[in-house]
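Take a look at the structure below.
No lab work stands behind these numbers, since they all come straight from the coordinates. As the structure is a prediction and not an experimental result, all values here were calculated from the model. All Cβ positions, glycine included, derive from the backbone under ideal geometry; neighbour counts span all protein chains shown.
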Amino acid sequence: MTRSRTYGDAGQAFPIYITVVAGLLFLAFAYLAVGQAAANRNGAQTAADAAALAAALDTRDKLRDEWVDNLLDPTTWQGIFNGEGVDFDGCDRAYQLAAQNDAEASCDPTFALPPGYTVEARTNKPVGDSIVPGTEDKHARASATAVIDPLCTFELPGEDAGDDVLPQLDCGDGIIWEDLDPDDPTSLPGPEDLFDVHLADD
């Protein structure tokens, strides 16, 4: 009698074992689907960040060139530091960086202060098949905004100063650029000295 009861208990436990294993497998596949979605989302965010920064860096360099071209006219400096005087056509760089990160992007300049670019990226690869319905054609999307912040301030010379007197640039952290020499562009501050390019806070 005891032996028969043991076999009976084992038979009753087997369906429970199958149910538990099936539940664990379902959870494993669910975690895999979540992981795939998270990886795609991270890929989209990386593409958006890189693309927005690339566009902003491209325009930052042009703003520095514009500043050098207008070095002898300090009245134009603040406008240039605010993003004036150049075309905000850095979106081509954004598209290139998005493609390098296996994504496609839309890109728009932003002209509020500080100016920059907003990029929306979409991964080329979908999440793929999973236990979550509809993921086989689902593409991750993300957006990012990069801005071009001027680092330097200055004071215009007084009316009694000579025409060849240029302001000194105070770029923070004790960095002062003085005796700016228009005849030696290599001695002038570079793009990274004049502007900080960074992702905007959400």
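Annotations
- The HN-Hα couplings worked out from phi for segment 75-90 by the Karplus form 6.51 cos²θ - 1.76 cosθ + 1.60 (θ = phi - 60°) are 5, 8, 4, 5, x, 5, 4, 8, x, 8, x, 9, 7, 8, 10, x Hz, whole numbers, x standing for Gly and Pro.
- Per-residue Cβ neighbour rank within 10 angstrom, fewest leading, Asp183, Asp87, Asp61: Asp183, Asp87, Asp61
- For segment 171-185, 3J(HN,Hα) per residue [Karplus equation, 6.51 cos²θ - 1.76 cosθ + 1.60, θ = phi - 60°, Hz, x = Gly/Pro]: 9, x, 6, x, 8, 10, 9, 10, 6, 4, 10, x, 7, 9, x
- Formal net charge of residues neighbouring Leu113 (Cβ-Cβ distance under 13 Å; K, R +1; D, E -1): -2
- Sequence of Ile148, Ile80, Ile176 once ranked by neighbouring C-beta atoms within 10 Å, starting from the fewest: Ile176, Ile80, Ile148
- Per-residue Karplus couplings for segment 145-150, computed as 6.51 cos²θ - 1.76 cosθ + 1.60 with θ equal to phi - 60°, are listed in order as 10, 10, 10, 10, 9, x Hz, Gly and Pro entered as x.
- Each Lys or Arg adds one and each Asp or Glu subtracts one; over the other residues with Cβ under 10 Å from the Cβ of Phe195, this totals -3.
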